[in-house]
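Below you'll find the structure, written out as structure tokens, and then a few comments.
The values are calculated or read from the model by the stated rules, or taken from the named source; none is laboratory data. Every value quoted in this text rests on a predicted model; they were computed, and no experiment measured them. Virtual Cβ from ideal backbone geometry, glycine too; neighbours counted across all protein chains shown. Keep in mind that these areas ignore ligands, DNA and RNA; they rest on the heavy atoms of the full protein, side chains included. Shrake-Rupley method; radii C 1.70, N 1.55, O 1.52, S 1.80 Å.
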Amino acid sequence: MRRQRPTVIAVSTLIAITLSTAAPTPANAAPPDQVSALTAHQADGYTTLAWQPVDGATDYQIERTPVDADNTPTGAPTVVGIWRPNRQINQQAPTFADAGYNPGDTFQWRVRARTGTTEQPYSDPVTATTTAPWGNPDTPGQNLRTQWETTHAAQYTSDTDEYAYTAAIDTLSDRVRVVELGRTVQNRPINMLVIGHPTPAATPAAIAATAPVAINCNVHGNEPGDREACLIMARQLAFSTDPRITDLLTHTTVLIVPTINGDGRANNTRGNSTGQDLNRDYSLIRQPETTAYIRMVRDYRPVAGYDGHEFGNSRAGDLPMLPPRHQNVAQPIFDQSQDMIEGHMYAKGAEAGWWACPYGCEGGGNVGLSEETILRNTLGLKNVTNSLLELRSSGGQTRPDEGNTANNRRRKTYSALWTFHQFLDYHRTDRADILQARTNAIESQAANTGRLVFRGSRPIPAHPAPHPGDSPPPLDAPPADLILDNAPCAYKLTDAQYNGARTDGPGGIGTTVAQRITAHGWKVIKTGDGYYVPLNQPERGLIPLLLDTKGVEKLTDGERVYPTLTGRRNGPLVVSGFTCADDATINGPVTVRPGAALVTTATTISGPLTATGAVGIMLADSTINGPVRITNTTDTISVIDATIAGPVDLSGNTTGTDAPVLAGTTIRGPLTCTGNNPTPHNLGIANTVHGPRTTQCAAL
């Protein structure tokens with residue numbers, strides 16, 4: 001359940017934390033429409049200005065003047081910001097994040113109210129020196145700087161400078177390991193920084209156990225602001241001695257992919273070298289770049305994520321955000337993602353002065369829909385709490401000084417840096433809720449209940465008034481012909497569909513459906529008559545979008561396979577071929593023959609379950625009142641959210657690269673796991689075992 005977070009911010013609190021000095025109180029009373037109590041608090045790349053609101057004010061102008069050490073102006077005063085009441089959820093405590101200046105310089109600020117077009121008197125000024133770029137210039141590691149920083153935002157960091165910068169961080173910090181996830185079409189490396197304290201865990205599986213977070217910084221090659229923020233944050237995480245940073249990294253692993261689209265970055269294009277918009281390919285994974293990222297999600301299992309972009313609407317907020325909206329996303333993941341955005345980012349944005357809002361905000365147009373090919377939707381369908389982040393690409397009416405290119409670039413990058421740090425703080429504080437949402441989502445997906453929607457999004461409200469935006473993204477309600485009320489048990493593919501050559505990749509050569517299903521991490525059962533992809537697994541909402549005839553952007557037209565066993569059955573059951581049981585009651589022992597497969601949901605078996613030499617056993621949301629023994633299985637094993645009243649024995653199963661899953665299950669007896677290759681795992685969802693656990697399953 002999403003909880004309500006407090007959004008009222010006490011002006012006294014803002015005043016108490018400021019680093020500025022306010023001007024002395026004049027002898028005569030201030031004019032009634034003059035802004036008072038102006039303060040300036042310094043942070044990384046921005047200054048939070050806060051003041052007492054003026055009754056009847058329509059908006060406020062923020063003026064900044066460069067000054068020297070004696071507070072003598074060294075340049076002309078400039079209106080750098082316009083604050084409007086709809087830009088944050090707390091209208092009674094106005095704040096503005098002034099950014100765009102060169103960090104480390106000294107400025108004077110004043111703020112005045114406007115009533116309609118009538119300008120009121122300026123406040124008394126405050127003066128302060130802004131925060132210099134993070135890192136002591138005399139300390140190795142901390143003294144690293146990106147090309148963007150050294151040129152004062154005149155140039156973005158090139159690929160060669162990025163590789164050198166991240167390699168230096170890797171060399172100088174024990175907290176960081178740089179791994180290559182893959183290569184672009186033009187053979188550029190796709191690197192990921194793995195960051196943990198005191199050192200990151202050694203393997204993807206061990207990292208997955210830390211409930212990691214992932215930031216995809218730059219998918220569109222001509223939207224570089226988030227990437228520059230990621231590179232700065234990587235340096236901070238690698239070398240900071242701040243207890244907040246070390247505490248964060250002690251409790252999770254941070255995964256940063258600075259540049260997934262190196263070819264588009266080199267060409268300054270939105271798409272990759274083939275012209276493909278990679279943010280329309282995360283489900284289909286036709287390109288090597290998206291394949292590399294999806295494999296990372298499969299192996300490292302991040303529980304929360306952010307995806308960085310830039311937005312061309314100059315009327316929108318500073319930081320438009322959006323959760324996974326596809327209606328097949330499990331409700332707990334949607335709710336948790338909305339909590340991160342509305343409950344945390346909106347409130348913290350109101351404190352810091354950033355305008356966080358729903359994607360679109362004001363005059364947003366046809367944005368933020370339900371395509372499963374978009375990363376935020378793909379991640380949601382993979383049970384990851386996540387959000388899109390857009391940086392408004394130009395200053396617009398609320399930041400009139402950003403016709404200056406460097407100022408505009410700095411505002412974008414430092415607003416992204418703020419967001420990514422807030423993301424880490426949210427994970428640190430709400431880790432338990434995020435993990436519970438993930439658990440609930442996986443269990444509900446594996447239960448294979450409810451309709452399937454092939455295109456259609458959840459509504460996003462502007463936000464209960466007061467709200468930080470007037471135009472939420474539009475609703476694309478699913479049409480009737482893109483809804484399937486009667487979900488199948490599985491999809492069956494022929495050998496030609498599963499292993500056949502494809503032409504939808506770079507140069508007319510595509511990976512097979514089998515390779516893409518493996519990259520997604522789905523379980524597949526091969527029998528004598530084809531390949532079965534059951535829906536009683538964690539990514540149930542995504543599988544039909546690629547394999548059903550109704551799929552809008554699908555891989556192939558799989559055959560729907562419906563349950564073959566429902567209702568009550570008395571007596572022993574011997575399974576041969578592919579058998580799917582749903583909402584069934586089996587009163588007797590169940591034996592799965594060699595080469596056969598059993599898939600169950602919402603099913604009760606009153607008796608022992610024995611499988612020797614089966615090709616697949618997949619049990620979800622089911623009860624077995626008796627012992628379970630699964631040995632010598634060759635394709636896949638999955639037991640999710642089951643209750644087993646007896647001992648469980650998983651032994652001698654050799655399932656290739658597909659590790660057996662035993663997750664969220666209650667076992668009223670001992671659990672024995674020996675000789676399985678690969679070793680079983682629990683998806684990060686602990687089992688409850690009322691008995692001894694041995695060898696491979698001791699930690700499950």
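Table for the structure above
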read-out	value
Those residues of the stretch 328-357 which are part of a loop (DSSP other than H, G, I, E, B) and in contact with a Phe, Trp or Tyr (Cβ under 7 Å, 6 or more places away or on another chain), in sequence order	GLY353, TRP354
Of all residues in the stretch 256-270 being more than 21 Å from the chain's Cα centre (by Cα) and not in a helix (DSSP H, G or I), the one that is surrounded by the most Cβ atoms within 10 Å (Cβ to Cβ)	THR269
Single residue of ALA292, ALA304 found to be out of contact with any His (no Cβ under 6 Å at 6 or more places or on another chain), of a type outside the set (D, E, K, R) and within 19 Å of ALA208 (Cβ to Cβ)	ALA292
Given (1) in a helix (DSSP H, G or I); (2) over 30 Å from the mean Cα position of the chain (by Cα), number of the condition ARG516 does not satisfy	(2)
From GLY308, GLY349, GLY368, GLY312, residue being under 26 Å from THR157 (Cβ atoms), in contact (Cβ under 8 Å) with a residue 24 or more places away in the chain, of a type outside the set (Val, Ile, Thr) and crowded, with 24+ Cβ neighbours inside 10 Å	GLY308
When residues of the stretch 663-688 are limited to those that are in a strand (DSSP E or B) and under 24 Å from ARG431 (Cβ atoms), the one most open to solvent (accessible area, probe 1.4 Å)	THR688
So ARG325, is it surrounded by fewer than 22 Cβ atoms within 10 Å (Cβ to Cβ) and among the basic types (Lys, Arg)	no
Residue satisfying condition, being buried (at least 24 other Cβ atoms within 10 Å of the Cβ) and not polar (S, T, N, Q), within set GLY360, GLY403	GLY360
Selected residue [at pLDDT 95 or above, within 30 Å of ASP138 (Cα to Cα) and open to solvent by 10 Å² or more (accessible area, probe 1.4 Å)] from ASP335, ASP247	ASP247
Residues (open to solvent by less than 30 Å² (accessible area, probe 1.4 Å) and farther than 20 Å from TYR306 by Cβ) located in the stretch 411-441	THR439
Subset of the stretch 594-628 that is within 15 Å of LYS526 (Cβ to Cβ) and not in a strand (DSSP E or B) - its residue that is most open to solvent (accessible area, probe 1.4 Å)	PRO594
For ILE232: the one exception among (1) open to solvent by 10 Å² or more (accessible area, probe 1.4 Å); (2) out of contact with any Lys or Arg (no Cβ under 8 Å at 6 or more places or on another chain)	(1)
Residue check, ALA168 outside any loop (DSSP other than H, G, I, E, B), farther than 21 Å from ILE285 by Cα, open to solvent by less than 30 Å² (accessible area, probe 1.4 Å) and not β-branched (Val, Ile, Thr)	yes
Filter result for the condition that a residue is over 26 Å from PHE420 (Cα atoms), among the hydrophobic types (A, V, I, L, M, F, W, C) and at pLDDT below 95, over ALA69, ALA76	ALA69
Matching residues, the stretch 642-673, being without any contact (Cβ under 8 Å) to a residue 60 or more places away in the chain and polar (S, T, N, Q)	THR643, SER651, ASN653, THR654, THR655, THR665, THR666, THR672
Matching entry among ILE82, ILE89 (being closer than 21 Å to GLY396 by Cα and in a loop (DSSP other than H, G, I, E, B))	ILE89
Selected residue (only one of THR636, THR654 is modelled with pLDDT of 95 or more, of a type outside the set (A, V, I, L, M) and open to solvent by 50 Å² or more (accessible area, probe 1.4 Å))	THR654
Pairs where the first residue, in the stretch 102-119, is within 30 Å of ALA132 (Cα to Cα) and the second is of a type in the set (Lys, Arg) and in a strand (DSSP E or B), C-beta under 8 Å, 6+ apart	PHE107/ARG64; GLN108/ARG64; TRP109/ARG64
Checklist (1) of a type in the set (A, V, I, L, M, F, W, C); (2) farther than 24 Å from ALA43 by Cα; (3) in contact (Cβ under 8 Å) with a residue 12 or more places away in the chain applied to CYS217, failing item	(2)
Wholly enclosed strands (runs of 3 or more DSSP E) of the stretch 544-592 bearing at least 1 residues within 30 Å of ALA501 (Cβ to Cβ) and open to solvent by 20 Å² or more (accessible area, probe 1.4 Å)	559-561, 578-587
Only listed residue being part of a loop (DSSP other than H, G, I, E, B) and hydrophobic (A, V, I, L, M, F, W, C), chosen from ALA132, ALA50	ALA132
